[in-house]
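Here is the structure we will look at, set down as structure tokens.
The values are calculated or read from the model by the stated rules, or taken from the named source; none is laboratory data. As the structure is a computational prediction, the values presented were derived from the model and not from experiment. When we count neighbours, we look across all protein chains shown, and the Cβ atoms used for this are built from the backbone with ideal geometry, even at glycine. Quick note on the areas: whole protein, heavy atoms, side chains included, nothing else; ligands and nucleic acids left out. Shrake-Rupley method; radii C 1.70, N 1.55, O 1.52, S 1.80 Å.
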Amino acid sequence: MDTAARSSPLALTVLALLHHEPLHPYGVQRLIKQWGKDQVVNVGQRASLYRTIERLHADGLIAVRETGREQAYPERTVYELTDAGRRIARAWLRVMLVEPKQEFPQFPAALSHLAMISPAEAAELLERRADRIGQARRERAAALAAHTDLPRVFHLEDEHLDAIAAAEERWLRSVVEDLRAGRLTWSAPAPPPADADPAGPPER
């Protein structure tokens, strides 16, 4: 059972929250947002959280503690961590802390095709990205300032996110400066004629 369990950031987060206390899926979702874990795990689709919980239950890492109904709420199933779940959660945590994982975010992919547009447009777009990263950093700092009562260990992911964001912002602004100074340049391909078929010529 242990070897079949598949790790993911969301699965680890669910196990970690259930390590804190038994919860029903809505409670898990609420804590993820309340504790800011939605900054480091993708919970944009609630269905993905429920699928993850179902998979953890099927793998024996969590178990049903009780099923009950509260006033004005539908029936809810409360889950708790199993011994196997505690063991696997720690094993996943150790691997995720040590092993860098090859990931494929969209920004580096877009950078690899930057020559499709002109240096001037690239400078404008990258500066806008830098501005948005700076704004996000200021908002994160304000949110952290409101929770100074919590020990630092509960904010390490925020420190990490800010360190990465700060480094990216500095790099972006240096690239924008090089683009505008002409130290980084290229010949962008000419745009297609307005009446050109975007799908290209028909196949023969």
Cut-off 11 Å between beta-carbons: net charge of the residues surrounding residue 129, Lys and Arg +1, Asp and Glu -1: -2
If amide H atoms are built 1.01 Å from N in the plane of the peptide, which residues on other chains or at least 5 residues away come under 5 Å of the amide H of residue 23? 79
Part-to-part distance (alpha-carbon centres) for region 81-105 and region 161-181, which is given in Å: 31
Interchain or sequence-distant (5+) residues whose placed amide H lies within less than 5 Å of the amide H of residue 184 are 179
If each residue of separation counts as 0.36 nm, what is the full-extension length gain between residue 186 and residue 113 once their alpha-carbon separation is subtracted? 25.1 nm
Using per-residue counts of other Cβ atoms within 10 Å, averaged over each peptide, order 98-109, 114-125, 78-89 from highest down. 78-89, 114-125, 98-109
Cβ-based charge dipole, region 56-142, positive-most Cα from 112, 64, 84: 84
Relative contact order computed over region 1-109 (Cα-Cα under 8 Å; 6+ residues apart), in percent: 33
Residues of the chain: accessible area per residue with a 1.4 Å probe, Å²: 71
For region 49-152, the spread of Cα positions along each principal axis, largest first, Å: 61, 33, 32
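So what's the net charge close to residue 119: Lys and Arg +1, Asp and Glu -1, counting the other residues with Cβ under 11 Å from its Cβ? Intermediate values should be presented prior to the final figure.
Details: positive: 180, 183; negative: 121, 124, 178.
My count for the surroundings of residue 119 gives -1.
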Here are some values of percent of Cα pairs over 32 Å apart: (1) 8; (2) 16; (3) 41. Which one was computed from this structure? (3)
Magnitude of the Cβ-charge dipole (Lys and Arg +1, Asp and Glu -1) of the chain about the Cα centre, nearest 20 debye, reported as 380
Once all protein chains are kept in place, residue 35 shows an accessible area at probe 1.4 Å, nearest 10 Å², of 110
Taking Lys and Arg as +1 and Asp and Glu as -1, residues besides residue 156 with C-beta under 15 Å from its C-beta add up to -1
Explain nothing, just compute: Karplus ³J(HN,Hα) = 6.51 cos²θ - 1.76 cosθ + 1.60, θ = phi - 60°, for every residue of region 153-167 in order, whole Hz, x for Gly and Pro. 4, 7, 10, 4, 5, 5, 4, 5, 4, 5, 4, 5, 5, 5, 5
If amide H atoms are built 1.01 Å from N in the plane of the peptide, which residues on other chains or at least 5 residues away come under 5 Å of the amide H of residue 7? none
How do 156-164, 50-58 rank on mean C-beta neighbours within 10 Å, highest first? 50-58, 156-164
Charges on Cβ only, +1 for Lys and Arg, -1 for Asp and Glu, centred on the Cα centroid of region 16-146; of 93, 25, 49, which one is farthest towards the dipole's positive end? 93
Percentage relative contact order, the chain, counting C-alpha pairs under 8 Å, at least six apart: 20
